[in-house]
1. Every residue in the stretch 26-42 that is over 15 Å from I140 (Cα atoms) and touching a residue at least 40 places away in the same chain (Cβ under 8 Å), please.
2. Filter the stretch 124-169 down to the residues that are assigned to a helix (DSSP H, G or I) and open to solvent by 20 Å² or more (accessible area, probe 1.4 Å) and list them by number.
3. From S112, S102, grab the single residue that is among the polar types (S, T, N, Q), free of Cβ contacts under 8 Å to residues at least 60 places away in the same chain and open to solvent by 70 Å² or more (accessible area, probe 1.4 Å).
4. Exactly one of (1) of a type outside the set (S, T, Y); (2) open to solvent by less than 90 Å² (accessible area, probe 1.4 Å); (3) without any contact (Cβ under 8 Å) to a residue 12 or more places away in the chain; (4) part of a helix (DSSP H, G or I) is unmet by Q228. Its number?
5. Of the conditions (1) over 23 Å from the mean Cα position of the chain (by Cα); (2) in contact (Cβ under 8 Å) with a residue 24 or more places away in the chain, E89 clears all except one; give me its number.
6. Identify, please: which residue in the stretch 204-225 is hydrophobic (A, V, I, L, M, F, W, C) and open to solvent by 90 Å² or more (accessible area, probe 1.4 Å) and is, among those, nearest to the chain's Cα centre (by Cα)?
7. Report yes if S143 is at pLDDT 85 or above, among the polar types (S, T, N, Q), within 30 Å of E80 (Cβ to Cβ) and in contact with a strand residue (DSSP E or B) (Cβ under 9 Å, 6 or more places away or on another chain), otherwise no.
Amino acid sequence: MINIKENEKLSIMNHSCAHLLAQAVKHLYPNALFWVGPVIEEGFYYDIDLGDKTLLEEDLEKIEKEMKKIAKDGKRIVREEISKEVALEKFKDDPYKIDLISRMDENEQVISCYTQGDFTDLCRGPHLESVKELKYFKLIKFSGAYWKGDAKNKMLQRIYGVCFENEEDLAAHLNELEERKQRDHRKIGKEQELFMNHDLVGAGMPLWLPNGAIVRKNLENYIYEKEQKLGYQHVYTPC
């Protein structure tokens, strides 16, 4: 699977699509506030404070539909450089942006913003020239994410997506994601009754069920036989 973060063209495209996502969310949920929306290996995500609203699967469809509507409108994406003081005033009603601005390097006196139609966001960029270039995208999933990754902070809602230059590449990417899902050891383990997890033990420490115990024992025997032939000695490490 292609690493989008390391592909300059796709990275810019996905970064722009993250802003498109935020704009669509703002249209549908006017009180929404935004933390960060970086590009990752498999696309992009945006952490969003939706107040008391909890996202459902059908909400992704609504957001995606609004994104397509905005993209079709074809607004230009305009970069603007402003001072730190102006930025603090511009985003004074947004605690998340104020936090970002306040923590910027003291030597960073010029801050860049990108505007597309009725939406403006802080960003270093770069971005595409127009939202019209964003045609082949898909919102993948959503999850919870603590602000700044700290469990003591508020839980935000993270929406994941991906964007490509053409329909074929997008379809291939989505197909690969589906194949990965089918190969997921958690899915296979549950379906074949190999192991289970329990919060009292720990999410990363499986409890082996009878079917899984047989598989594990056979693997251990195979490894032990190989060790004997290669002259290695068997050891055990903590779980």
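The values are calculated or read from the model by the stated rules, or taken from the named source; none is laboratory data. Everything numeric here is computed off the predicted structure, so don't read it as measured data. Every residue, glycine as well, gets a Cβ built from its backbone with ideal geometry; the counts of neighbours run over all protein chains shown. Ligands, DNA and RNA are excluded from the accessible area calculation, which covers all protein heavy atoms including side chains. Shrake-Rupley method; radii C 1.70, N 1.55, O 1.52, S 1.80 Å.
1. K26, H27, L33, F34, W35, V36
2. K132, E133, W147, K148, G149, E167, E168, D169
3. S102
4. Of everything listed in (1) of a type outside the set (S, T, Y); (2) open to solvent by less than 90 Å² (accessible area, probe 1.4 Å); (3) without any contact (Cβ under 8 Å) to a residue 12 or more places away in the chain; (4) part of a helix (DSSP H, G or I), Q228 misses just condition (2).
5. (2)
6. So the residue we want is W208.
7. no
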